[in-house]
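J.: Questions regarding the structure given below will be posed in turn.
The numbers here are math on the coordinates, done by the rules we state, and not lab data. What you see is a predicted model, and the numbers here were worked out from it, not measured in a lab. Ideal geometry is used to build each Cβ from the backbone, glycine not excepted, and the neighbour counts take in all protein chains shown.
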């Protein structure tokens with residue numbers, strides 16, 4: 001296998017930059033992680049397809065990266081090609097059907113505000129989630145008792161072999177913070193949501209702002225984090241169990257269990273991915289010991305974490 005591209009070249013047949021040895025820390029909400037062996041940030045589905053074809057020809061593994069808000073990338077980085085989908089941006093409102101179709105890289109807060117200003121309900125819950133629509137479909141993101149599965153009509157994407165794919169909600173087998181996409185080597189390029197138009201915009205804007213203020217008052221937005229670390233062990237919340245275990249403020253390296261919300265682990269400045277992982281494992285161990293309760297992470301681990 002011969003990779004002849006210089007450090008900053010264009011993906012063959014496109015105007016999309018293809019780069020080597022790119023730090024991924026700036027592409028994750030944790031601000032940690034090593035380098036991508038190869039990196040591209042496509043702006044069109046055609047560029048995505050070209051990147052997948054190039055990686056296939058080179059025999060390289062592919063990793064998809066959206067907003068980087070629900071994952072932990074190893075300090076050792078990632079081999080192969082990392083495709084960052086956050087610049088896949090486009091949205092169309094179908095007034096007759098009350099449907100919103102948007103590209104995978106559209107930020108959820110942006111979609112929530114756009115819908116609210118039109119007087120469309122259905123995305124108020126998403127305003128405080130620092131992720132993209134593609135990631136929301138992949139993870140069945142949710143908040144305030146609502147989730148992506150409740151409004152999704154259809155998602156479109158590609159397999160890592162470059163084949164175009166379309167998924168119905170039934171195909172995606174949605175459950176709490178999960179979908180069938182997590183077991184399939186593929187990526188979402190766009191999705192269509194069913195919303196509820198016809199409301200007074202001021203009313204929906206006020207409810208959206210209330211949802212945002214509620215999140216900001218109870219969750220640490222002042223330091224880098226991945227959002228909620230653990231799935232809630234129904235009927236209890238992970239944050240309550242962790243707090244009652246005496247772990248608020250517990251720190252390993254520069255990774256700390258948030259003093260505001262115990263289901264958040266924050267980067268106090270200069271944390272390593274390994275610090276975060278060891279703290280996740282410590283929390284799991286303590287909760288298991290004290291409560292005989294297994295906490296399951298929402299955060300996805302990418303790359304090699306040796307010794308853990």
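J.: Could you work out how much longer the chain between residue 216 and residue 9 gets when fully extended? Use 0.36 nm per residue separation minus the Cα distance between them, nm to one decimal.
T.: Extending this stretch completely gives an extra 70.4 nm.
J.: Say we join alpha carbon atoms closer than 10 Å with springs in a Gaussian network model of the chain; which of 240, 183, 90 then has the biggest fluctuation?
T.: 183
J.: Next question. Going by Cα centres, segment 220-297 and segment 18-55 are how many Å apart?
T.: Taking the Cα centre of each part, segment 220-297 and segment 18-55 sit 28 Å apart.
J.: Additional query: Using a ≥ b ≥ c from the Cα gyration tensor of segment 171-254 (square roots of the eigenvalues), is it rounded, prolate or oblate, where a/c under 1.5 gives rounded and otherwise the larger of a/b and b/c decides, a/b for prolate? Numbers along the way, then the final one.
T.: On the way: a/c = 2.07, a/b = 1.24, b/c = 1.67.
Oblate, since a/c reaches 1.5 and b/c is not below a/b.
J.: Please give the length that would be gained between residue 200 and residue 171 if that part of the chain were fully extended, namely 0.36 nm times their separation in residues minus their C-alpha to C-alpha distance (nm, one decimal). If you can, show how the numbers build up before the last one.
T.: On the way: separation 29, 0.36 × 29 = 10.44 nm, distance 3.44 nm.
Between residue 200 and residue 171, full extension yields an extra 7.0 nm.
J.: For residue 231 paired with residue 268, estimate the spin-label separation in nm (one decimal), with each label point 7 Å from Cα along the Cα-to-Cβ line.
T.: Output for this residue pair reads 3.1 nm.
J.: Give the shape of the chain as rounded, prolate or oblate, defined through the alpha-carbon gyration tensor: a ≥ b ≥ c are the square roots of its eigenvalues, a/c under 1.5 means rounded, and otherwise the shape is prolate if a/b is larger than b/c and oblate if not.
T.: On the way: a/c = 1.83, a/b = 1.06, b/c = 1.72.
It is oblate, given that a/c is not under 1.5 and a/b is not larger than b/c.
J.: Place a label point 7 angstrom from the Cα of residue 56 along the Cα-to-Cβ direction, then list the residues of segment 157-181 whose backbone nitrogen is under 16 Å away.
T.: 157-166
J.: Measure out, as a whole number of angstrom, how far apart the alpha-carbon centroids of segment 72-116 and segment 143-204 sit.
T.: 11 Å
J.: Stretched out fully, how many nm does the piece from residue 118 to residue 306 gain, at 0.36 nm a residue minus the Cα gap? Write out the running numbers ahead of the final one.
T.: Numbers: separation 188, 0.36 × 188 = 67.68 nm, distance 4.94 nm.
Separation in residues times 0.36 nm, less the Cα-Cα distance, equals 62.7 nm.
J.: If you don't mind, there's one more thing I want to ask. Could you order peptides 108-116, 194-202, 131-139, 253-261 by the average number of other Cβ atoms within 10 Å of their residues, highest first? Present the calculation step by step, with values, prior to reporting the outcome.
T.: Values: 108-116: 21.2, 194-202: 13.8, 131-139: 27.3, 253-261: 19.6.
Highest to lowest by the protection proxy: 131-139, 108-116, 253-261, 194-202.
J.: Show me 96-102, 55-61 ranked by packing, highest mean number of other Cβ atoms within 10 Å first. Intermediate results must be reported in sequence, preceding the final value.
T.: Values: 96-102: 17.3, 55-61: 13.7.
Final packing ranking: 96-102, 55-61.
J.: Just from its helices, what would the mean residue ellipticity at 222 nm be for the chain, if runs of 4 or more DSSP H residues each count -39500 (n - 2.57) and the sum is divided by every residue, rounded to the nearest 500 deg cm²/dmol?
T.: Working: 7 runs with 79 residues, N = 308.
Mean residue ellipticity, 222 nm, calculated: -8000 deg cm²/dmol.
J.: Rounded, prolate or oblate, given the Cα gyration tensor of segment 1-95, with a/c below 1.5 counting as rounded? Mind showing how you got there, number by number?
T.: On the way: a/c = 2.06, a/b = 1.10, b/c = 1.88.
Oblate.
J.: Continuing with this model, one more query. I need the calculated FRET efficiency for the pair residue 291 and residue 183, taking r as the beta carbon distance and R₀ as 30 Å, to the nearest 0.05. Walk me through the numbers before you get to the answer.
T.: Details: r = 29 Å, r/R0 = 0.98.
With R0 = 30 Å, the Cβ-Cβ based efficiency is 0.55.
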